[in-house]
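**Q** Please see the structure below; I have some questions.
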Amino acid sequence: MEKSHESTTIEMGESSKLERRGKAPLLGSTPAISAVVGHDKGAGNPKRGIAIFDLILRIAAVATSIGAAVGMGTAGETLPFFTQFFQFEAGYDDLPTFTFFVVAMSIVVGYLVLSIPFSIVCIARSHAVVPRLLLIIFDTAFVTLTTAAAGASAAIVYLAHNGNQDANWLAFCNQFGDFCQTTSGAVVAAFVTVVIFLLMVLLSAIALKRH
């Protein structure tokens with residue numbers, strides 16, 4: 001009876017040692033696996049967050065650029081008094097700079113709408129380089145176009161409000177107040193679009209730098 005008890009004790013002790021030996025590698029490997037998984041998740045989150053913010057900015061830029069194009073395209077005012085031969089009115093198509101503004105901002109709207117799917121691809125595949133590279137190239141080109149349209153129109157709006165005594169250009173916003181107010185709002189919306197473009201270019205540069 002004593003021998004059988006001793007053998008049982010030895011067998012139980014050996015089995016417990018085997019269990020410990022079998023569990024030791026698993027316990028040691030679990031932190032390593034979790035560390036790798038945690039590293040992968042942490043590496044993907046910043047780029048995905050940048051891509052989501054980029055999409056929000058693009059939607060905002062679509063809204064501001066549409067407002068600029070529509071505002072300038074619908075700018076017009078006719079004075080309530082007229083003569084037998086003349087009717088005093090002002091429209092955006094009376095000035096080539098404002099016409100250029102409407103065309104340029106319409107092109108910008110079209111580009112921003114087409115760029116939204118690429119921004120969504122950057123969210124789904126945060127490590128993709130080609131869509132982000134295309135966005136930063138075209139964003140840089142279109143921020144130049146938007147700045148040119150906004151800057152040229154801002155100069156005309158300034159002259160409309162203040163005139164230029166040296167060139168004998170009279171300010172006509174005292175007569176065409178609604179027209180000047182509408183065009184000024186369109187120019188402000190265009191400059192807001194420029195700021196959003198610059199933020200998108202900066203975000204794309206940060207995302208590419210992380211690669």
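The values are calculated or read from the model by the stated rules, or taken from the named source; none is laboratory data. What you are looking at is a predicted structure, and each value in this text was computed from that prediction instead of being measured. These accessible areas exclude ligands, DNA and RNA; they are computed on the full protein's heavy atoms, side chains included. Shrake-Rupley method; radii C 1.70, N 1.55, O 1.52, S 1.80 Å.
**Q** Using a 1.4 angstrom probe on the protein heavy atoms only, line up 89, 77 by accessible area, largest first.
**A** Output order, biggest surface exposure first: 89, 77.
**Q** Relative to the present Cα-Cα distance, how much length would full extension add between residue 94 and residue 175 at 0.36 nm per residue of separation?
**A** Gain in length upon complete extension: 27.6 nm.
**Q** Sorted by accessible area (1.4 Å probe), largest first, how do 166, 93 line up?
**A** 166, 93
**Q** Compute for region 84-191: radius of gyration divided by Kirkwood radius, i.e. Rg/Rh, restricted to C-alpha atoms, rounded to two decimals.
**A** Using Cα coordinates only, the ratio equals 1.17.
**Q** Is the shape of region 160-204 best called rounded, prolate or oblate, per the rule: a/c under 1.5 gives rounded, else a/b larger than b/c gives prolate, else oblate, with a ≥ b ≥ c the square roots of the Cα gyration tensor eigenvalues?
**A** Oblate shape, in that a/c is at least 1.5 and b/c is the bigger or equal ratio.
**Q** Using a 1.4 Å probe on the protein chains only, how many percent of the accessible area of region 62-211 belongs to carbon and sulfur?
**A** Carbon and sulfur together cover 69 percent of it.
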